[in-house]
Structures are given as structure tokens and as C-alpha cells.
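J.: Sending over a structure as C-alpha cells; questions will come in a sec.
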Amino acid sequence: MLYGIFNRNREGISNLVVLFFLLFNASVALSQYKIMPLGNSITVGKGDPNSTPYVGYRYDLYHLLINDGWNFDFVGSQSDGNPNQFDPDHEGHSGWKAQDIDANINSWLNQSDPNIVLLHIGTNDVSSMEPNSETIAEIESIVNKIYTYNSSIAILLCKLVPRKEQPDNEHIINEELNNLIQQLYTTKKNDERYNIYLVDQFAAFKANDNWRTDYMVDNVHPSSAGYTVMANTFFNVLQGIGFPQFTLTVLVNPDGAGTVSVDPDKRKYIYQEQVTLTAIPSGNNQFSHWSGDIDVNSANPRSITMMRDRTIVANFINDDDEFVSVPNTPTGPSSGNTGEELSFLSGGSTSSKGNPVEYQFDWGDGGFSQWGASSRKYSYGGAGTYQVRARARSTVNNDAISSWSDPKSVTITGESAFVLTVWINPEGAGTVQVDPQKDSYDSGERVKLQAFPNNPGDEFLYWSGDITTNYNNPIYIYM
């Protein structure tokens, strides 16, 4: 049972402020995903007589990801393909077996630092009649080394494409190795520490009864159509691995008053990707301000960071219209007590016509001030955390009203009411569910806290702050 620490404020009212910090492995705070195609000649793309130079599944997969809005880079020490048509980098090595990949994987990881690895290996082991028990041990060693290098790397482990029937039963050995790969995947997935996904290339080929003629050029290498099947199978898994991607919707108000340049202009953006917005007026219009999922201001161009889906509005006004700029964020105390008179100050607004302006405050508790001066006083009747905003209007044309300013947060404490403040460290790495979620709590009230990582590969570490360091999740505290 954990208890917070009580602090006495200047009026003797007990006020509890508990700071809890979460530590996550923020593994996907990336500007670009680095994808390593890893394997043997099938990764290179050999066998396809219609492909010179070799591209294999990599060409089709590249364009599938581009069309889906991915921001990525194929990485590896090898390069096969026309760089004017796609990214040709990879880590495919013709003739190599699992033991060869295992011997070199650490060097390649340090060189390329991938976020995603596409692993298709074992074909040459079967051709060399290597015992499957040794091959699967080497594949597991590869997986373990990737995990040890960076536990957040998404490992896409493939079941091998099928082989045509051969007198020495290599096709049967191939299927037996696939069964072991399935078992390895299940073991690692159940471990929960491994960010691993199964890519069943074997089943994708076998779904076509004519796979031998439609998808293969020899006993082991796919045709161009076979490599397309591999690309689609990889793509389907990549879409579901959970890397956050966000959409940006940009609107113009009023319609036709201007346009917005978006750089880069993409269907989807990844976590913390930077985007620059530039508002371009048309006709007799001029840019006024941004609004929507963004702090309201008139900076142009404007850079934003994508950490969620966002809708942003570029607001324009006609030269003949009067425009009142957004006032400053109110300043004033960040805390107080019920019944205490608090002073807040805004200001900074101007009229495009040079007319005087007046201000109104939104106190965040459902109350609003009358229009008037830029400084006001207010007292709250109940405990809680409130958001104080201000807006301005022309005293000559009362219809010319600005948008609301960014809010000022103020926490009000009442008699026998305690406030719980929860912080995330690092910011954006996760969320905390507070049950019950309230502005203030009674003495002795029990509260449940549960941490949830935001991104694949992140993990909750511990709680800290005004409690003894605690590794349980969830935990219960008493106010």
C-alpha cells in the first residue's frame, strides 16, 4: 500500500501533489524507417530471367510501401538494381547459409542500424543437406543477435518458399525446416520481449495450385510473378506490425481564399516526422492564422511535429475585412485555493483596421468574463485544474473576434481535496490510465494507476516521484 506525501500550503490546507514518472524505451521516435532485406540469392533476386540487374521481391515491395506513404530506406552492404527506379540496397548473399549470416550479422547491424529486418534464410542449408537441427539453431542465433543489438527491431521471420519435388526429398526437408521456423517464431513471440512477426511465404505460394509453373523458374528460385507474391506477403505483414503512422488533413477557411503548401506532402507520416506548412493567399485575401490541432498563431511558414493524426486549418481574410489577432496566453498564478481571488493578464491583440480592442476570459469552469480590459480577477468555487483562455474583439466592429488564445493551466485546491499529477518520461512514450479520473480526491481515496506504452518495442520500467520506486503495473495508491 503506497501513500503520497502531504505538503502544507501557506493557509494550512493539506495539498497532495504526486509526481509519477514512467520510463519507456522510445524506440520508434524516428524520422525514417531503415529496412534490411536479409538472406541469400532469393533476397538478391536471382533466378528471374526477366530481371537484369536482379531486383527480386525488393522492387515490388519498395513501390508498395511508397504508394502506402511509408518513409523508409532499404539498407545493407549490397546493392542490386537500378537506383533510378527504386532503392537497391540489401543484405542478400548468393549461396550463403544460415551459419554465414550468423557469423556476419553483428557487423551488418552496426553498419546499417536497421529498424526492420526481413529474414528469409535456410534454402542453401537444405540444398547442402545440412541437418535441420543445426540450421534452426543458427537461425535462432541470428534472431537472438538482432534482439541483443536492439530489442525494438521488428524481425520478419520467413517460412521458406516451397521447392519443387526432387528425388533426394529436399522439398520434404524444406517443409520440415519450415515447421521448425514456425516453432521458433511461436517460442519467441510467447516470450513477449521479441518484436517478431511470421511471414508465411510457403503458404502464399501454395495458395496457387499451379505455383510450380506460375511462381518458380527452377527448383528453388521464384520467377518474377513469384517475387511479386513474396513482396505482397511481406507488405501485408508490414502493414500490421504496429509502427505508428499519422495522417495530416489541411483545410482552407474560407474555401478558395488560398492554398497551403505541405512539405513533405505525403499520405502518412511517422512518429515525430517534421512537416512545414506555408499558407499562400489568393486574390485580395491575406493569411490570418492557423487553427485546429495546433496552437493558434500567425507564423507563416509553420513547422509541426507529427505525433498523432492532425487536422489543421489555414484561415484567410479579405483585405476589406477587419481582423483581430489572437491575444497572448494569459499569465498569472498556476495554483490557488477555492475562494482565493487570482489575477490574470492577457493582451497583445491588434485590429487590422487600427481600431481599439477589448478582451474576454474563459475561466475553464463554465464561466466567462464580460468584455473589457486585458487584466481580470477571478475566484474559483471548487477544486480542480482549469484552463484559462482569452480572446479579443474590435470595439468598433464587434463581429471581428479573434480565436481563443492558448490556455493557461491553474490548479485550485479545496479543503481536504488532494490533486494527483501524473507525468510521462520520456514525453509521448506512453499513457497512464487513472481510475477514477478526477480533478481532486478525498483523503484516503484509493486510485488505480496503469501504464501503457504507445509504441512497439517500448516497455514500462517503473514508477517514481513522491513514492518509493515501484515496478508493479498497475499499482494502487491512497490519497
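No value in this document is a laboratory result; all are computed from the given coordinates. The model shown is predicted, which means the values in this text are computed figures rather than measured ones. No Cβ is skipped: glycine too gets one built from the backbone with ideal geometry, and neighbour counts run over all protein chains shown.
J.: Show me, bin by bin at 10 Å from 0, the whole-percent P(r) of the stretch 311-373 based on Cα pairs.
T.: 16, 41, 29, 12, 2
J.: Next question, about the same structure. Give me the compactness ratio for the stretch 335-411, meaning the Cα radius of gyration over 2.2 N^0.38 Å.
T.: Against the compact-globule rule of thumb, the ratio is 1.16.
J.: Taking neighbour counts of Cβ atoms within 10 Å as a proxy for exposure, in what order, fewest first, do PHE368, PHE86, PHE205, PHE234 appear? Walk me through the numbers before you get to the answer.
T.: Working: PHE368 13, PHE86 17, PHE205 22, PHE234 27.
Ascending Cβ contact count within 10 Å gives the list PHE368, PHE86, PHE205, PHE234.
J.: Here is a further query. Going by amide H atoms built from the backbone, whose H comes under 5 Å of the H on MET216, apart from near neighbours?
T.: Amide H to amide H, under 5 Å and 5 or more residues apart or across chains, MET216 pairs with SER223.
J.: For each pair in LYS164/LYS268; LYS145/LYS266; LYS408/LYS438; LYS408/LYS448, compute the distance between the two Cα atoms and list the pairs where it is over 30 Å.
T.: Working: LYS164/LYS268 41 Å; LYS145/LYS266 35 Å; LYS408/LYS438 19 Å; LYS408/LYS448 28 Å.
Going by Cα-Cα distance, LYS164/LYS268; LYS145/LYS266 fall outside the 30 Å limit.
J.: What residues qualify as long-range amide H neighbours of GLY430, i.e. H under 5 Å apart, gap of 5 or more or another chain, H built at 1.01 Å from N?
T.: Here the answer is ASN454, since their amide H atoms fall under 5 Å of that of GLY430.
J.: For the stretch 150-256, what mean projected area does the convex hull of the alpha carbons give, in nm²? Mind showing how you got there, number by number?
T.: On the way: hull surface 44.9 nm².
Directional mean of the projected Cα hull area for the stretch 150-256 stands at 11.2 nm².
J.: As I understand it, the dipole of the stretch 335-411 uses +1 on the Cβ of Lys and Arg and -1 on the Cβ of Asp and Glu, about the Cα centre. Which of ALA390, GLY367, THR338 lies farthest toward its positive end?
T.: Ranked along the dipole, the leading option is ALA390.
J.: How would you rank 143-152, 193-202, highest first, on the average number of other Cβ atoms within 10 Å across their residues?
T.: In decreasing order of mean packing, 143-152, 193-202 become 193-202, 143-152.
J.: Give me P(r) over the chain, computed from all C-alpha to C-alpha distances, binned every 10 Å, as integer percentages.
T.: Using 10 Å bins, I get a P(r) of 4, 15, 19, 18, 16, 13, 9, 5, 1, 0 for the chain.
J.: Simple spin-label model, 7 Å along Cα-to-Cβ: THR213 to LYS164 in nm?
T.: The two pseudo-label positions are separated by 1.2 nm.
J.: Now for a different question. Can you list the GluC sites (Glu not before Pro) in the stretch 153-245 that are in a DSSP coil and have 15 or fewer other beta carbons within 10 angstrom? Provide the component values of the computation, followed by the final result.
T.: Working: sites: GLU165, GLU170, GLU175, GLU176, GLU192; in loops: GLU165, GLU192.
Answer in residue order: GLU165, GLU192.
J.: For labels at THR278 and ASP113 in the simple 7 Å Cα→Cβ model, what's the distance in nm?
T.: Label-label distance for THR278 and ASP113, simple model: 3.0 nm.
J.: Take the Cα of ASN106, step 7 Å along the line toward its Cβ, and report every residue of the stretch 125-145 whose backbone nitrogen sits under 12 Å from that point.
T.: What the label zone holds, given the 12 Å backbone N cut-off, is 145.
J.: Based on a Kirkwood Rh over C-alpha pairs, give the Stokes-Einstein translational diffusion coefficient of the stretch 33-238 at 37 °C and viscosity 0.692 mPa s in µm²/s.
T.: Rounded, D is 195 µm²/s.
J.: Which length gain, in nm to one decimal place, applies between GLN239 and ASN300 when the Cα-Cα distance is subtracted from 0.36 nm times their residue separation? Can you show the working numbers first?
T.: Details: separation 61, 0.36 × 61 = 21.96 nm, distance 3.47 nm.
Contour length minus Cα-Cα distance gives 18.5 nm.
J.: Now a separate question. Using the basic label-point model (7 angstrom from Cα toward the beta carbon), what is the SER375 to ASP191 distance in nanometres?
T.: 6.5
J.: Summing -39500 (n - 2.57) over the DSSP H runs of n ≥ 4 in the chain and dividing by its residue number, what mean residue ellipticity at 222 nm do you reach, to the nearest 500 deg cm²/dmol?
T.: -6500 deg cm²/dmol
J.: Let me ask you something else. Taking amide H atoms as placed 1.01 Å from N in the peptide plane, list the residues 5 or more away in sequence, or in a different chain, whose amide H sits under 5 Å from that of GLY347.
T.: The answer is ASN328.
J.: For the stretch 245-318, compute Rh as the Kirkwood radius over C-alpha pairs and then the Stokes-Einstein diffusion coefficient at 37 °C and 0.692 mPa s; write the answer in µm²/s, rounded to an integer.
T.: Reported coefficient: 267 µm²/s.
J.: Could I ask something else about it? If you plug each phi of the stretch 375-385 into the Karplus form 6.51 cos²θ - 1.76 cosθ + 1.60 with θ = phi - 60°, what whole-Hz ³J(HN,Hα) values come out, in order, with x for Gly and Pro?
T.: Result, rounded to whole Hz: 10, 9, 10, 7, 10, 9, x, x, 6, x, 10.
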